[in-house]
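This report concerns only the one structure given below.
The values are calculated or read from the model by the stated rules, or taken from the named source; none is laboratory data. Treat the numbers as computed from the prediction; the structure is a model and nothing was measured. Cβ: placed from backbone, ideal geometry, glycine included. Neighbour counts: every protein chain shown.
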Amino acid sequence: MAISIHVAYLHALSKLNKMIDFLIDSFMGPWSWYVSGPLISMIMFLLIRSGGEFGVSSTYSTACTMLGAGKQVQFFNTNWREQIGNLFFVIGAIGGGIVATKFLNNGAPLNLSLETILDLNKLNISFEGGFAPLAIFSWKGLLTLKGFIMIVAGGFLVGFGTRWAGGCTSGHAISGLSNLQISSLIAVVGFFLGGLIITHLIFPLLF
(Lines give C-alpha, C1' and ligand atoms only; values in the text may rest on other atoms or scores of the structure.)
Protein backbone atom coordinates (compact mmCIF):
# COMPACT_ATOMS: atom_id res chain seq x y z
CA MET A 1 0.00 0.00 0.00
CA ALA A 2 2.75 2.43 0.99
CA ILE A 3 4.67 1.57 -2.19
CA SER A 4 1.60 2.29 -4.35
CA ILE A 5 1.10 5.68 -2.67
CA HIS A 6 4.78 6.49 -3.16
CA VAL A 7 4.62 5.54 -6.86
CA ALA A 8 1.48 7.65 -7.34
CA TYR A 9 3.19 10.56 -5.58
CA LEU A 10 6.24 10.31 -7.84
CA HIS A 11 4.00 10.10 -10.90
CA ALA A 12 2.04 13.20 -9.87
CA LEU A 13 5.26 15.04 -9.04
CA SER A 14 6.66 14.19 -12.47
CA LYS A 15 3.54 15.54 -14.18
CA LEU A 16 3.70 18.69 -12.06
CA ASN A 17 7.35 19.25 -13.00
CA LYS A 18 6.51 18.81 -16.68
CA MET A 19 3.67 21.31 -16.38
CA ILE A 20 5.96 23.82 -14.66
CA ASP A 21 8.62 23.33 -17.34
CA PHE A 22 5.98 23.84 -20.04
CA LEU A 23 4.79 27.10 -18.44
CA ILE A 24 8.35 28.37 -18.06
CA ASP A 25 9.19 27.51 -21.68
CA SER A 26 5.96 29.23 -22.80
CA PHE A 27 6.86 32.42 -20.95
CA MET A 28 10.52 32.31 -22.01
CA GLY A 29 9.74 32.39 -25.74
CA PRO A 30 7.53 34.39 -28.10
CA TRP A 31 3.82 33.97 -27.45
CA SER A 32 1.78 32.38 -30.22
CA TRP A 33 -0.92 34.31 -32.05
CA TYR A 34 -3.66 32.21 -30.46
CA VAL A 35 -2.56 33.52 -27.05
CA SER A 36 -1.72 37.15 -27.77
CA GLY A 37 -4.61 37.66 -30.22
CA PRO A 38 -7.42 36.79 -27.78
CA LEU A 39 -5.70 38.87 -25.07
CA ILE A 40 -5.70 41.93 -27.34
CA SER A 41 -9.35 41.23 -28.22
CA MET A 42 -10.26 41.03 -24.55
CA ILE A 43 -8.55 44.36 -23.85
CA MET A 44 -10.36 45.97 -26.77
CA PHE A 45 -13.70 44.60 -25.55
CA LEU A 46 -13.14 46.08 -22.11
CA LEU A 47 -12.07 49.42 -23.62
CA ILE A 48 -15.12 49.62 -25.87
CA ARG A 49 -17.42 48.70 -22.99
CA SER A 50 -15.90 51.46 -20.87
CA GLY A 51 -15.94 54.03 -23.69
CA GLY A 52 -12.16 54.16 -23.96
CA GLU A 53 -9.84 54.12 -26.96
CA PHE A 54 -6.63 52.28 -27.70
CA GLY A 55 -3.64 53.98 -29.28
CA VAL A 56 0.02 54.81 -28.82
CA SER A 57 0.60 57.98 -30.82
CA SER A 58 -1.90 59.97 -28.72
CA THR A 59 0.37 59.54 -25.70
CA TYR A 60 2.96 61.82 -27.31
CA SER A 61 0.51 64.70 -27.44
CA THR A 62 -0.64 63.81 -23.92
CA ALA A 63 2.94 64.01 -22.65
CA CYS A 64 3.45 67.35 -24.44
CA THR A 65 0.27 68.67 -22.86
CA MET A 66 1.40 67.57 -19.41
CA LEU A 67 4.71 69.38 -19.96
CA GLY A 68 2.91 72.64 -20.77
CA ALA A 69 3.01 72.67 -24.57
CA GLY A 70 -0.59 73.87 -24.63
CA LYS A 71 0.61 77.31 -23.58
CA GLN A 72 2.46 77.67 -26.87
CA VAL A 73 0.49 75.51 -29.32
CA GLN A 74 -3.31 75.34 -29.37
CA PHE A 75 -3.30 71.71 -30.51
CA PHE A 76 -1.89 70.63 -27.14
CA ASN A 77 -4.36 72.70 -25.16
CA THR A 78 -6.47 69.70 -24.10
CA ASN A 79 -7.45 67.87 -20.95
CA TRP A 80 -4.62 65.34 -20.62
CA ARG A 81 -6.44 63.50 -17.82
CA GLU A 82 -8.86 62.07 -20.39
CA GLN A 83 -5.94 60.26 -22.09
CA ILE A 84 -4.03 59.21 -18.99
CA GLY A 85 -5.04 55.57 -19.55
CA ASN A 86 -3.12 55.33 -22.83
CA LEU A 87 -0.11 56.92 -21.17
CA PHE A 88 -0.07 54.20 -18.53
CA PHE A 89 -0.46 51.64 -21.31
CA VAL A 90 2.69 52.89 -23.06
CA ILE A 91 4.61 52.93 -19.78
CA GLY A 92 3.46 49.35 -19.17
CA ALA A 93 4.45 48.33 -22.70
CA ILE A 94 7.96 49.73 -22.21
CA GLY A 95 8.26 48.06 -18.81
CA GLY A 96 6.92 44.79 -20.18
CA GLY A 97 9.41 44.89 -23.04
CA ILE A 98 12.27 45.37 -20.59
CA VAL A 99 11.08 42.49 -18.40
CA ALA A 100 10.59 40.20 -21.41
CA THR A 101 14.03 41.04 -22.82
CA LYS A 102 15.98 40.83 -19.57
CA PHE A 103 14.22 38.06 -17.66
CA LEU A 104 12.02 36.05 -20.06
CA ASN A 105 14.48 35.65 -22.92
CA ASN A 106 15.71 32.10 -23.48
CA GLY A 107 18.49 33.31 -25.78
CA ALA A 108 17.18 31.39 -28.79
CA PRO A 109 17.33 33.20 -32.15
CA LEU A 110 14.13 34.54 -33.68
CA ASN A 111 12.26 31.86 -35.60
CA LEU A 112 12.20 33.72 -38.90
CA SER A 113 11.15 31.99 -42.10
CA LEU A 114 13.88 31.02 -44.55
CA GLU A 115 12.11 32.92 -47.35
CA THR A 116 12.25 36.16 -45.34
CA ILE A 117 15.93 35.62 -44.52
CA LEU A 118 16.70 35.11 -48.22
CA ASP A 119 14.74 38.26 -49.10
CA LEU A 120 16.77 40.21 -46.54
CA ASN A 121 20.01 38.83 -47.97
CA LYS A 122 19.00 40.09 -51.41
CA LEU A 123 18.86 43.58 -49.88
CA ASN A 124 22.29 43.08 -48.24
CA ILE A 125 20.64 42.94 -44.81
CA SER A 126 21.98 40.08 -42.72
CA PHE A 127 19.82 38.29 -40.16
CA GLU A 128 21.58 38.02 -36.78
CA GLY A 129 18.76 36.23 -34.98
CA GLY A 130 17.32 39.30 -33.26
CA PHE A 131 14.11 41.26 -33.74
CA ALA A 132 15.78 44.16 -35.57
CA PRO A 133 18.61 43.90 -38.13
CA LEU A 134 21.76 45.62 -36.92
CA ALA A 135 22.50 46.84 -40.43
CA ILE A 136 19.71 49.38 -39.87
CA PHE A 137 18.97 49.62 -36.16
CA SER A 138 22.38 50.35 -34.65
CA TRP A 139 24.59 53.38 -33.99
CA LYS A 140 26.94 52.21 -36.71
CA GLY A 141 24.09 51.92 -39.18
CA LEU A 142 22.68 55.30 -38.13
CA LEU A 143 25.91 57.06 -39.08
CA THR A 144 25.58 55.89 -42.68
CA LEU A 145 23.48 57.63 -45.32
CA LYS A 146 21.16 54.64 -45.63
CA GLY A 147 20.76 54.39 -41.88
CA PHE A 148 20.06 58.11 -41.57
CA ILE A 149 17.37 57.91 -44.25
CA MET A 150 15.80 54.85 -42.64
CA ILE A 151 15.83 56.03 -39.03
CA VAL A 152 15.69 59.83 -39.06
CA ALA A 153 13.83 60.56 -42.29
CA GLY A 154 11.65 57.48 -41.84
CA GLY A 155 10.88 58.44 -38.26
CA PHE A 156 9.86 61.93 -39.37
CA LEU A 157 7.52 60.49 -42.01
CA VAL A 158 5.99 58.11 -39.46
CA GLY A 159 5.34 60.99 -37.07
CA PHE A 160 3.97 63.22 -39.83
CA GLY A 161 1.76 60.44 -41.21
CA THR A 162 0.47 59.56 -37.76
CA ARG A 163 -0.59 63.15 -37.12
CA TRP A 164 -2.08 63.51 -40.59
CA ALA A 165 -4.02 60.23 -40.36
CA GLY A 166 -5.23 61.00 -36.86
CA GLY A 167 -3.68 57.87 -35.38
CA CYS A 168 -1.00 55.22 -35.67
CA THR A 169 -1.15 51.59 -36.76
CA SER A 170 -2.34 50.35 -33.37
CA GLY A 171 -4.96 53.07 -33.07
CA HIS A 172 -6.44 52.49 -36.53
CA ALA A 173 -5.84 48.76 -37.06
CA ILE A 174 -6.90 47.64 -33.58
CA SER A 175 -9.09 50.31 -32.05
CA GLY A 176 -10.51 51.90 -35.19
CA LEU A 177 -11.43 48.65 -36.96
CA SER A 178 -12.93 47.30 -33.74
CA ASN A 179 -15.25 50.30 -33.78
CA LEU A 180 -16.02 49.74 -37.51
CA GLN A 181 -14.64 53.13 -38.54
CA ILE A 182 -14.34 53.57 -42.31
CA SER A 183 -11.49 56.08 -41.93
CA SER A 184 -9.48 53.48 -40.01
CA LEU A 185 -10.09 50.90 -42.74
CA ILE A 186 -8.79 53.36 -45.35
CA ALA A 187 -5.77 54.14 -43.16
CA VAL A 188 -4.95 50.44 -42.68
CA VAL A 189 -5.16 49.81 -46.44
CA GLY A 190 -2.77 52.74 -46.87
CA PHE A 191 -0.39 51.23 -44.28
CA PHE A 192 -0.17 47.98 -46.21
CA LEU A 193 0.15 49.65 -49.60
CA GLY A 194 2.91 51.89 -48.25
CA GLY A 195 4.70 48.88 -46.80
CA LEU A 196 4.55 47.04 -50.13
CA ILE A 197 5.85 50.06 -52.04
CA ILE A 198 8.72 50.59 -49.61
CA THR A 199 9.67 46.90 -49.56
CA HIS A 200 9.57 46.22 -53.29
CA LEU A 201 10.43 49.63 -54.80
CA ILE A 202 12.31 51.81 -52.30
CA PHE A 203 14.35 49.22 -50.38
CA PRO A 204 16.12 47.87 -53.51
CA LEU A 205 17.24 51.45 -54.31
CA LEU A 206 18.60 52.03 -50.79
CA PHE A 207 20.25 48.67 -50.24
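Please go through the range 111-134 and give me each residue that is in contact (Cβ under 8 Å) with a residue 60 or more places away in the chain and hydrophobic (A, V, I, L, M, F, W, C), ordered by number. Residues satisfying the conditions are Leu123, Ile125. Taking the range 95-118 as the range and being in a helix (DSSP H, G or I) and farther than 26 Å from Ser57 by Cβ as the test, the residues that pass are Lys102, Phe103, Leu114, Glu115, Thr116, Ile117, Leu118.
Between Gly167, Gly195, Gly107, Gly97, which is of a type in the set (Gly, Ala, Ser) and either modelled with pLDDT under 80 or loosely packed, with under 10 Cβ neighbours inside 10 Å (or both)?
Gly107
Among the residues of the range 133-159, those identified as over 30 Å from Leu46 (Cα atoms), in a helix (DSSP H, G or I) and of a type in the set (A, V, I, L, M, F, W, C) are Trp139, Leu142, Leu145, Phe148, Ile149, Met150, Ile151, Val152, Ala153, Phe156, Leu157.
Highlighted here are the helices (runs of 4 or more DSSP H) found entirely within the range 1-94 that include at least 1 residues which are modelled with pLDDT under 70, exposed (fewer than 11 other Cβ atoms within 10 Å of the Cβ) and not assigned by TED's automatic domain parsing to the domain that holds His172: 2-28. Considering Ile91, Ile149, the condition of being on the phi < 0 side of the Ramachandran plot and touching a helix residue (DSSP H, G or I) at 6+ places or on another chain (Cβ under 8 Å) is satisfied by Ile149 alone. Look at (1) surrounded by fewer than 12 Cβ atoms within 10 Å (Cβ to Cβ); (2) more than 17 Å from Pro204 (Cβ to Cβ); (3) more than 20 Å from the chain's Cα centre (by Cα) and you find that Leu145 fails only one, number (2).
Each row is one residue, and each column tells you yes or no for (1) closer than 27 Å to Val189 by Cα; (2) not polar (S, T, N, Q).
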site	(1), (2)
Asn124	no, no
Phe127	no, yes
Phe131	yes, yes
Phe137	yes, yes
Val152	yes, yes
Leu157	yes, yes
Phe160	yes, yes
Trp164	yes, yes
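Going by the conditions given, is Phe191 farther than 30 Å from Phe45 by Cβ, of a type in the set (Phe, Trp, Tyr) and not assigned by TED's automatic domain parsing to the domain that holds Val56?
no
Please work out which one of (1) surrounded by fewer than 17 Cβ atoms within 10 Å (Cβ to Cβ); (2) not in a helix (DSSP H, G or I) is the condition Gly190 fails and give its number. The failed condition is (2). Residue check: Ile198 meets all listed conditions (1) within 29 Å of Ser50 (Cα to Cα); (2) assigned to a helix (DSSP H, G or I); (3) of a type in the set (A, V, I, L, M, F, W, C) but one, namely (1). Annotation note: Cβ proximity below 6 Å between a residue of the range 177-196 that is within 15 Å of Gly161 (Cα to Cα) and a residue that is surrounded by 14 or more Cβ atoms within 10 Å (Cβ to Cβ) and of a type outside the set (A, V, I, L, M, F, W, C) (sequence gap 6+ or interchain) occurs for Ser184/His172; Ser184/Gly176; Ala187/His172; Val188/His172; Phe191/Thr169.
Is at least one residue of the range 110-126 of a type in the set (D, E, K, R) and modelled with pLDDT under 80? No.
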